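One structure below.
The values are calculated or read from the model by the stated rules, or taken from the named source; none is laboratory data. Computed from a prediction, not measured in an experiment: that's the story for all the values here. Reconstructed Cβ throughout: ideal geometry from the backbone, glycine too, with neighbour counts over all protein chains shown. Surface accessibility is based on the protein's heavy atoms, side chains included, excluding ligands, DNA and RNA. Shrake-Rupley method; radii C 1.70, N 1.55, O 1.52, S 1.80 Å.
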Amino acid sequence: MTTLITSLDSFNNEISNSFCPMSCSALPSPNNTDFNASISSKRLNRFSLAQVSSSPIIAQRSKVDIARVTDAYYLIKFQLTGNCSTKHYGREARLAPGDFIICSTSEPYQLEFQASHQQAIFAMPQIALQEMFQTPDDYLGLRMGNEEPTNGMLAQFVYSLSQRMNQLNPEALQSMEANLLDLLITSLKNQKGSDKKAIESSPEQHLQRIKRMINMHIKDFRLGVDFIAQTENISKRYLHMLFKSQNVSVSKYIQQLRLEGCYKNLTNNEFDNISISNIALEWGFGDLSHFNRCFKAQYSHTPRQIRLRGV
């Protein structure tokens, strides 16, 4: 079903509800026409494909938007018509029809469309793609050009599917999703050797990737310097060097995230029937006395006081 939209406010609401919280602002239209847009979305099997078109806009996902509670997704954006200038993950790209880009809802990004345009957007949870392909973050913000054969085949397939998805039965949609995923993984694996330098992470980008990995494993009791270094295949010395710019040690950073998680649970009525010790264990604290000391040092109240007073 296609939703036709004639106001920017309505478009902002539809985009935020369909994908993730973000903000869009209109750019001057070459023909001074009124704002108009459309969104068509379809659940394929496990994941969704949408087709979005609009008048000229700038779409931004800021740190404020990210702070609002949403699940972490990858949005694979395929340019169908018009052009798009992107800023994401410290990279800039310009997409033409047939190109695509991978965006993470965990990172800020900006999309600028100077003219009317159309995109197809394939959305899937980050953990789902990471189970199929180990390092999708290496490709965030990079233009995946249609001149690369596998990229072009994927883009053509997505274009055809986005035009006909509302005509297909559930069994066919399930098969189409499997084909799309197969083409996507093949495309990621078959980037030209000349792209390797482009996807190498700077220290800042590597740090951000490690932080995302920490967030994914924050409740894992094994999480620590040794676990991170082994998982990322880096030395512990290099790991500590990356965090030096943060004015906090790796262990302290992990502890702060865990304490924040405990604090949120203790001040949420939905967790009233769960004991403080079980909340601490759930967030990776194996020693309750150590947890209580760290918690009071950070919040100037004991966990019990926080729960009783709702501070």
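All but one of (1) without any contact (Cβ under 8 Å) to a residue 60 or more places away in the chain; (2) closer than 28 Å to M153 by Cβ; (3) in contact with a Pro (Cβ under 7 Å, 6 or more places away or on another chain) hold for G82; state the number of the condition that does not hold.
(3)
When segment 203-248 is examined, which residues are found to be under 30 Å from N278 (Cα atoms), open to solvent by 20 Å² or more (accessible area, probe 1.4 Å) and part of a loop (DSSP other than H, G, I, E, B)?
Those that are under 30 Å from N278 (Cα atoms), open to solvent by 20 Å² or more (accessible area, probe 1.4 Å) and part of a loop (DSSP other than H, G, I, E, B): H217, K219, D220, F221, R222, V248.
Okay, residues lined up against (1) among the hydrophobic types (A, V, I, L, M, F, W, C); (2) more than 28 Å from the chain's Cα centre (by Cα); (3) open to solvent by less than 80 Å² (accessible area, probe 1.4 Å):
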site	(1), (2), (3)
K264	no, no, no
C294	yes, yes, yes
Y299	no, yes, yes
I306	yes, yes, yes
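Take the residues of segment 6-34 that are β-branched (V, I, T) and open to solvent by 50 Å² or more (accessible area, probe 1.4 Å): which is nearest to M124 (Cα to Cα)?
Looking at residues that are β-branched (V, I, T) and open to solvent by 50 Å² or more (accessible area, probe 1.4 Å), I get T6.
Among (1) crowded, with 17+ Cβ neighbours inside 10 Å; (2) out of contact with any Pro (no Cβ under 8 Å at 6 or more places or on another chain), there is one condition Q163 misses while meeting the rest; what is its number?
(1)
Listed here are the residues, each with its yes/no results for (1) among the aliphatic types (A, V, I, L, M); (2) closer than 23 Å to A128 by Cα; (3) surrounded by fewer than 15 Cβ atoms within 10 Å (Cβ to Cβ); (4) touching a residue at least 24 places away in the same chain (Cβ under 8 Å).
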| site | (1), (2), (3), (4) |
| --- | --- |
| L4 | yes, no, yes, yes |
| N36 | no, no, no, yes |
| Q51 | no, yes, no, yes |
| I57 | yes, no, no, yes |
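Residue pairs, Cβ under 7 Å, 6 or more apart or interchain, first in segment 12-31 and without any contact (Cβ under 8 Å) to a residue 24 or more places away in the chain, second open to solvent by 40 Å² or more (accessible area, probe 1.4 Å). List them.
As it stands, the answer is N12/S23, since those pairs meet every condition given.
Do you know which of the residues in segment 123-138 that are assigned to a helix (DSSP H, G or I) and either in contact with a helix residue (DSSP H, G or I) (Cβ under 6 Å, 6 or more places away or on another chain) or acidic (D, E) (or both) is surrounded by the most Cβ atoms within 10 Å (Cβ to Cβ)?
Applying the filter and picking the extreme gives D137.
For segment 139-150, give me the residue count where each residue is in a helix (DSSP H, G or I) and of a type in the set (D, E, K, R).
Qualifying residue count, segment 139-150: 0.
Could you tell me which of the residues L95, L44 is on the phi < 0 side of the Ramachandran plot, out of contact with any strand residue (DSSP E or B) (no Cβ under 7 Å at 6 or more places or on another chain), open to solvent by less than 20 Å² (accessible area, probe 1.4 Å) and not small (G, A, S)?
Matching residue, one of L95, L44: L44.
Among residues belonging to segment 121-137 that are within 13 Å of the chain's Cα centre (by Cα) and of a type outside the set (A, V, I, L, M), point out the one that is farthest from T231 (Cα to Cα).
Once the filter is applied, the top-ranked residue is F122.
Go through segment 179-202 and give me each residue that's open to solvent by less than 60 Å² (accessible area, probe 1.4 Å) and either under 30 Å from K42 (Cβ atoms) or modelled with pLDDT of 95 or more (or both).
Within segment 179-202, L180, L181, L183, L184, I185, T186, S187, L188, Q191 qualify.
Residue check: is L142 on the phi < 0 side of the Ramachandran plot and open to solvent by less than 10 Å² (accessible area, probe 1.4 Å)?
Considered against the rule, which asks whether it is on the phi < 0 side of the Ramachandran plot and open to solvent by less than 10 Å² (accessible area, probe 1.4 Å), L142 comes out as no.
This table checks each residue for (1) among the acidic types (D, E); (2) over 21 Å from the mean Cα position of the chain (by Cα); (3) under 20 Å from R293 (Cβ atoms).
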site: K211; (1), (2), (3): no, no, no
site: G224; (1), (2), (3): no, yes, yes
site: Y238; (1), (2), (3): no, yes, no
site: V250; (1), (2), (3): no, yes, yes
site: Q256; (1), (2), (3): no, yes, yes
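Please specify each residue of segment 13-61 satisfying the condition of being touching a Phe, Trp or Tyr at 6+ places or on another chain (Cβ under 6 Å) and assigned to a loop (DSSP other than H, G, I, E, B).
Across segment 13-61, the qualifying residues are S55, P56.
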